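Peer 1: The structure that follows is given in the form of structure tokens.
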Amino acid sequence: METQINGIAASDGVGIAPAYLLTKPNLSFEKYHISDPDSEKARLHRAFEKIIQKLKETKKKLVDKLNAEDLTIFDTHIAILNDPEMIKQVENRITNQRLNAESAFAEVITKMIKTLQAMTGNEYMQERASDFQNIQDQVLAELEEKKLPNLRELDHPVIVVAHSIGPADTSQMDGRFVKGIITDLGGRTSHAAIMARSLQIPAIVGCNDITKKVQNGQRVIVDGFEGSAIVEPSTNDVKQYQKIADKFMNVRQQWKKMINQPSATADGQRYKISANIGSSVDISSAIENGADGVGLFRTEFLYMKSDHLPTEEEQFNAYRRAVEQLNGKRLVVRTLDIGGDKPLQFMPLPKEMNPFLGYRAIRIALDQPEMFRTQLRALLRASEFGKINIMFPMITTLEELRAAKKIYYEEQQKLAVDHPGIGRDVHLGIMIEVPLAALNADRLAAEVDFFSIGTNDLIQYCFAADRGNDSVSYLYQPLNPTFLKLIKHIIDAGHAHDTTVAMCGEMAGDRYALPLLIGMGLDVYSMSASSILRTRSMMKQLDSKKCQKLYQQAVTTCDSMTGVKKLVQDWLVAN
């Protein structure tokens, strides 16, 4: 009987094949006390070393298959296994409590997993929990001498169905046989989603209980465009989706021709399509996908992976590497954006009832100015090696903005004593992600060179709905007509003061939002590197004047997000 299942669209494309349930062995273990702690610690380290060696070998085999951004996934897992703090905690349990290696390791890593999962609303950190879960499985399997599933053994086309998928799994996937991926867990920024996009395998994640609804061998259609799957589809469904799959294969080939093409509409209006990155290692992927620059460099990851406050020199070297790799293209750096949902090992933050409305981002920077000054000095120094823009996150009031600018100009003047003219090409901007800032965009625009609209936070604040809470996920409505009017207000306010307006939230890479954003006059579209060529190709097919009319029609005739999406869908077909 035909069954439809919905999830999150993670990787475009259509896959049709029998289901292959990726089931792991029973990794339960007995908790017991040991008499020789040194021997038990040695057994633990042998397991770690074997897994690290396997990860290094797999990474080496995939150098020509994956881009640099995706290869860092293996480095992330190796770093977890080499983490001295984690190792110390496990060894302490073995030594002090005389626990066996399995029990000691599981206690420590389970605590880490729960901490990451508790960061509601922080999709990136929650999805890193799956990395730790994957490491836990590998270590326990090694200690128990059990074999985890090996997708390299596949010899026929399948749709992989799993509770979750880690790099070890995706690294084994052969595109000839893996025609699609469906998982219970995960989001668009999970490693499974990222690698599926790189391997060009259609994927749906976050389906909750797909593993309980599909049996091995059942035919499945994966629709990675809409985030849906059909179990036991009809013959007619198979024919229709096969046509979609064939058409998309041809489209992908056309996208590759867009790498060095300008980001422009059919009527010649020029824009910029930039990449969102988390570190300098992500830049190679941005360049490979033809990014016009980097529209969001999330500097908090530089802090979060460290066990100490990064020094000015450490930060300077990271920013310099990033801007030099761009070869003249502009790097937009967001100053430290941490808070209750993004903890730092070396800086305890207060426990808060609602961290999203609390002590975070620019509020911490202004409260602890020496940390802020260190980052600004590093950025100013790096600006001598390429084009750097600096933007302040979570700006709410004019007073906050002016206080941040005051600190910036003080550091610029100090550095100018030995470096005359330093910072002369640095543009200052702010994230527009707080409703009050959006409403006050006209006054704020007079104070900065550019805006970058952070739609992820702006949407959750406007709708009073935590975007990490599944119960209110229906209120994540980027195409709501009233919200669209607010975006237009921000853009118009910026342009009235010759202030460039960018967008770096998920909405910037949404194919249904693109014609509306062009119609509003948005200047810069910043997104994940894997979305750039698709967006540029689509942009080339659009006429900006027609897009303006579409936007007007959307906000005057539609009263819901559903209505706007249907309008855009019909309009795209007609145009």
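Peer 1: If you check every pair at least six apart or on different chains, which have Cβ atoms under 9 Å apart with a residue in region 245-259 that is free of Cβ contacts under 8 Å to residues at least 24 places away in the same chain first and a residue that is among the polar types (S, T, N, Q) second?
Peer 2: That search, which allows pairs on different chains as well, returns K257/S537.
Peer 1: In region 521-531, is there at least one residue being part of a helix (DSSP H, G or I), in contact with a Phe, Trp or Tyr (Cβ under 7 Å, 6 or more places away or on another chain) and not assigned by TED's automatic domain parsing to the domain that holds G187?
Peer 2: Scanning region 521-531, I find no residue that is part of a helix (DSSP H, G or I), in contact with a Phe, Trp or Tyr (Cβ under 7 Å, 6 or more places away or on another chain) and not assigned by TED's automatic domain parsing to the domain that holds G187, so the answer is no.
Peer 1: Looking only at region 258-296, filter to residues that are in contact with a Leu (Cβ under 6 Å, 6 or more places away or on another chain) and within 30 Å of R360 (Cα to Cα); which one of those is surrounded by the most Cβ atoms within 10 Å (Cβ to Cβ)?
Peer 2: By that ranking, first place goes to V294.
Peer 1: Continuing with this model, one more query. Can you tell me which residue is modelled with the highest pLDDT among those in region 69-85 that are acidic (D, E) and under 15 Å from I277 (Cβ atoms)?
Peer 2: Across region 69-85, the extreme among qualifying residues is D70.
Peer 1: Please give the number of the condition T170 fails out of (1) buried (at least 17 other Cβ atoms within 10 Å of the Cβ); (2) at pLDDT 75 or above.
Peer 2: (2)
Peer 1: Still on this model: Of all the residues that make up region 213-252, how many are of a type in the set (K, R) and over 28 Å from the mean Cα position of the chain (by Cα)?
Peer 2: 4
For (1) assigned to a loop (DSSP other than H, G, I, E, B); (2) modelled with pLDDT of 85 or more; (3) in contact with a helix residue (DSSP H, G or I) (Cβ under 7 Å, 6 or more places away or on another chain), each residue gets a yes or a no:
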position: Q126; (1), (2), (3): no, no, yes
position: L148; (1), (2), (3): yes, no, yes
position: I159; (1), (2), (3): no, yes, no
position: I165; (1), (2), (3): yes, no, yes
position: G180; (1), (2), (3): no, yes, no
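Peer 1: Here is a further query. Taking S28 as meeting all but one of (1) surrounded by fewer than 13 Cβ atoms within 10 Å (Cβ to Cβ); (2) assigned to a helix (DSSP H, G or I); (3) not aliphatic (A, V, I, L, M), write down the number of the exception.
Peer 2: For S28, the exception is condition (2).
Peer 1: Condition first: touching a residue at least 40 places away in the same chain (Cβ under 8 Å) and under 28 Å from the mean Cα position of the chain (by Cα). Now tell me which residues in region 564-575 satisfy that.
Peer 2: V564, K565, V568, Q569, L572
Peer 1: Identify, from the list G494, G509, the residue that is out of contact with any Cys (no Cβ under 6 Å at 6 or more places or on another chain) and closer than 23 Å to R536 by Cα.
Peer 2: The unique qualifying residue is G509.
Peer 1: Something else about it: From T535, T500, grab the single residue that is farther than 28 Å from Q200 by Cβ, surrounded by 16 or more Cβ atoms within 10 Å (Cβ to Cβ) and within 26 Å of the chain's Cα centre (by Cα).
Peer 2: Checking each option against the conditions leaves just T500.
The values are calculated or read from the model by the stated rules, or taken from the named source; none is laboratory data. From a predicted model like this one, the values you see are computed outputs, not experimental measurements. Heads up, the Cβs are rebuilt from the backbone with ideal geometry, glycines too, and the neighbour counts pull from every protein chain shown.
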